[in-house]
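Below is one structure; the comments refer to it alone.
Taken together, the values in this text are just the output of simple stated rules run on the coordinates, not laboratory data. Keep in mind that this is a model prediction, so the values were computed, not measured. Counting neighbours? That spans all protein chains shown, and the Cβs are built from the backbone with ideal geometry, glycine included.
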Amino acid sequence: MAKYNTGIRISELKDGELRAFEAGGKRILITLKEGTPYALDDKCTHEGGSLSEGYVDGCEVICPLHAAAFDIKTGKANDNTHWATDIGSYAAYADASSGEIIVEV
């Protein structure tokens with residue numbers, strides 16, 4: 001896996017805020033939950049909606065198109081949104097010296 005600097009400092013991201021960046025030819029969603037960064041595919045598996053345009057509800061990111069829900073820690077689709085399948089999740093952490101979020105894709 002390759003490491004990508006998101007250009008987003010952990011101090012600039014609020015809990016539940018969604019942002020996206022490009023890494024390795026993929027669009028990756030970044031969010032923060034209780035101070036921990038998480039990274040997921042930004043594309044919903046149902047109709048390709050950009051999850052970074054959705055919102056976080058508890059520990060799930062909700063697609064803005066048809067409300068498919070995905071666990072922010074694992075990318076697993078919620079069983080109640082049977083029309084969507086799991087998305088990729090990636091290791092994310094804040095660099096100790098710069099505070100920038102690094103994602104392994």
TODO: Of the options ASN78, SER50, ALA94, report the single residue whose Cα projects farthest towards the positive end of the charge dipole of the chain (beta-carbon charges: Lys, Arg +1; Asp, Glu -1).
DONE: ALA94
Open item on the list: Please return the longest range in the chain lying between exposed loop sites, taking trypsin sites (Lys or Arg not before Pro), DSSP loop only, at most 16 other beta-carbon atoms within 10 Å, and leaving the sites out.
Closed with: 15-72
Task: Net charge dipole size for the chain [Lys, Arg +1 and Asp, Glu -1 on Cβ; Debye, nearest 20] - done: 200 debye
- [ ] Kindly put HIS66, HIS82, HIS46 in sequence by how many other C-beta atoms sit within 10 Å of each C-beta, fewest to most.
- [x] HIS82, HIS66, HIS46
Task: GNM flexibility winner over the chain from GLY75, GLY35, GLY49 (Cα, springs under 10 Å) - done: GLY35
- [ ] Using only Cα atoms, locate the centre of the range 91-105 and the centre of the range 1-44, then give the distance between them in Å, rounded to an integer.
- [x] 9 Å
TODO: Note down the net charge around TYR55, summing +1 for each Lys or Arg and -1 for each Asp or Glu among other residues with Cβ under 15 Å from its Cβ.
DONE: -4
Task: Correct choice for semi-axes √(5λ) of the Cα gyration tensor in Å that was computed from the model, options [x] 23, 14, 11; [y] 19, 16, 12; [z] 25, 20, 12 - done: [x]
